[in-house]
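Since the structure comes first, as structure tokens, the remarks are kept for the end.
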Amino acid sequence: MMLRYLTVGLVAVGLAGPAQADEITLAADAWCPYNCAPGSERPGYMVEIATQAFESAGHKLIYKTIPWARALAEAEAGRLAGVFGASPDEAPGLVYPKLPLAQSRSVLLVRAGDSFTWTSVKSLEPHALGIILDYTYGAVLDPYIKANLKNTNRIQVMGGDEPLKGNLRKLLAGRIGVTVDDAAVMAYEIADQKLADSVRMVDMSDAANPLYIGFAPKLPQAAAYAKRLDETVARLRASGDLEKILARYGLRDWESAKPASHPVGS
């Protein structure tokens, strides 16, 4: 499974009553189709859902991209209001909506001509695996990554605002042999960069993991924000507007399209 965060920063946390609007800043490294380029025609479907949820309630939503490690540190320190793309398994202390915003599953990526096949983590040992700083990759990969983190022949870490793009450049240049990410994110990036003939996805048969916007427990409005997101997702799903939003990113509703909407080759 693939877990990551999008931080949510609250500027006006001291506002006294529900009639007063909050200014909410969302920030993360780019992770299309969940969150993409701020201000673009397609900023990411989670960004679109959050925008509808909060701006329809009179709040001002600001979305920025910053390195994930920095975003996580600031959220954990209480300087940001929460994380987008979080899992209760990974961050149990956060306040979560009841309805997930994705079902995430990890896949590996290799160069098109590579004969690599996946059987277990031992399959990775002859290859340098490109990962992203402070991402969690689930119960199968995390112990392997931790055990080999100081061995650059096995693990290489990428940070910054667009770490997946960095790992793809390293993969295509032969500086790493394998990289890993969420299946929908990987498929979106391959299509966007027109890399279908250059790379190949390898299925790990990893179980899907629900992702949410998780809010900081110190945030007074956390429960209200979580409830607002649930109401918005339920409304968009009932009206058919959720499918329309997802279709703009080549996806279907995660509750009706399991496994992931994008086919994955092995």
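The values are calculated or read from the model by the stated rules, or taken from the named source; none is laboratory data. The model shown is predicted, which means the values in this text are computed figures rather than measured ones. Every residue, glycine as well, gets a Cβ built from its backbone with ideal geometry; the counts of neighbours run over all protein chains shown. Accessible surface areas use protein heavy atoms only, side chains included; no ligands, DNA or RNA. Shrake-Rupley method; radii C 1.70, N 1.55, O 1.52, S 1.80 Å.
Whether any residue in region 77-95 is within 16 Å of the chain's Cα centre (by Cα), closer than 21 Å to residue 44 by Cα and among the hydroxyl-bearing types (Ser, Thr, Tyr) is what I want to check.
Yes, there is a match, as at least one residue in region 77-95 is within 16 Å of the chain's Cα centre (by Cα), closer than 21 Å to residue 44 by Cα and among the hydroxyl-bearing types (Ser, Thr, Tyr).
Could you tell me whether residue 169 is at pLDDT 95 or above and over 24 Å from residue 209 (Cβ atoms)? So that I can check it myself, show each step before the final result.
Details: at pLDDT 95 or above: yes; over 24 Å from residue 209 (Cβ atoms): yes.
It is true that residue 169 is at pLDDT 95 or above and over 24 Å from residue 209 (Cβ atoms).
Can you tell me which residues in region 99-120 are more than 18 Å from the chain's Cα centre (by Cα) and either part of a loop (DSSP other than H, G, I, E, B) or basic (Lys, Arg) (or both)?
111, 112, 113, 114, 115, 116, 117, 118, 119, 120
State the number of residues belonging to region 98-117 that are more than 19 Å from residue 27 (Cβ to Cβ) and either open to solvent by less than 50 Å² (accessible area, probe 1.4 Å) or among the aliphatic types (A, V, I, L, M) (or both).
So the count comes out to 13.
Determine if region 54-61 includes at least one residue that is in contact with a Gly (Cβ under 9 Å, 6 or more places away or on another chain) and either in contact (Cβ under 8 Å) with a residue 24 or more places away in the chain or at positive phi (or both).
No - not one qualifying residue is present in region 54-61.
Give all pairs with beta carbons closer than 8 Å in which a residue from region 63-80 that is at positive phi meets a residue that is modelled with pLDDT of 70 or more and open to solvent by 30 Å² or more (accessible area, probe 1.4 Å); count only pairs at least 6 apart in sequence or on separate chains.
Filtered contacts from region 63-80: 78/218.
Can you tell me which residue is least open to solvent (accessible area, probe 1.4 Å) among those in region 234-266 that are modelled with pLDDT under 95 and of a type in the set (Ser, Thr, Tyr)?
249
Looking only at region 52-63, which residues are loosely packed, with under 15 Cβ neighbours inside 10 Å and under 19 Å from the mean Cα position of the chain (by Cα)?
Residues of region 52-63 that are loosely packed, with under 15 Cβ neighbours inside 10 Å, as a first pass: 55-56, 58, 60, 62.
Within region 52-63, just 62 meets the criteria.
Residue pairs, Cβ under 8 Å, 6 or more apart or interchain, first in region 119-146 and modelled with pLDDT of 95 or more, second aromatic (Phe, Trp, Tyr). List them.
Sorted first by the residue in region 119-146, then by its partner, the pairs are 121/144; 123/116; 124/144; 127/116; 131/137; 145/137.
In region 39-53, what residues are touching a strand residue (DSSP E or B) at 6+ places or on another chain (Cβ under 7 Å) and not hydroxyl-bearing (Ser, Thr, Tyr)?
If the condition is that a residue be touching a strand residue (DSSP E or B) at 6+ places or on another chain (Cβ under 7 Å) and not hydroxyl-bearing (Ser, Thr, Tyr), then 43, 44, 46, 47, 50 are the ones that fit.
Can you tell me which residues in region 10-40 are open to solvent by 20 Å² or more (accessible area, probe 1.4 Å) and either at pLDDT 85 or above or more than 20 Å from residue 58 (Cα to Cα) (or both)?
30, 32, 37, 38, 39, 40
Scan region 65-98 residue by residue and report those that are within 17 Å of residue 222 (Cβ to Cβ), of a type in the set (A, V, I, L, M, F, W, C) and not in a loop (DSSP other than H, G, I, E, B).
Within region 65-98, 75, 83, 84, 86, 95 qualify.
Residues that are in contact (Cβ under 8 Å) with a residue 60 or more places away in the chain, at least 3 per element: which strands (runs of 3 or more DSSP E) completely within region 151-266 meet that? Walk me through how you get there before you give the answer.
Working: elements: 155-158, 178-182, 199-203, 209-215.
Fully inside region 151-266 and qualifying: 178-182, 199-203, 209-215.
Quick grid of which residues meet (1) among the charged types (D, E, K, R); (2) surrounded by fewer than 23 Cβ atoms within 10 Å (Cβ to Cβ); (3) more than 26 Å from residue 44 (Cβ to Cβ):
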{"residue": "133", "(1), (2), (3)": "no, yes, no"}
{"residue": "138", "(1), (2), (3)": "no, yes, no"}
{"residue": "149", "(1), (2), (3)": "no, yes, yes"}
{"residue": "152", "(1), (2), (3)": "no, yes, yes"}
{"residue": "158", "(1), (2), (3)": "no, yes, no"}
{"residue": "165", "(1), (2), (3)": "yes, yes, no"}
{"residue": "184", "(1), (2), (3)": "no, no, no"}
{"residue": "191", "(1), (2), (3)": "no, yes, no"}
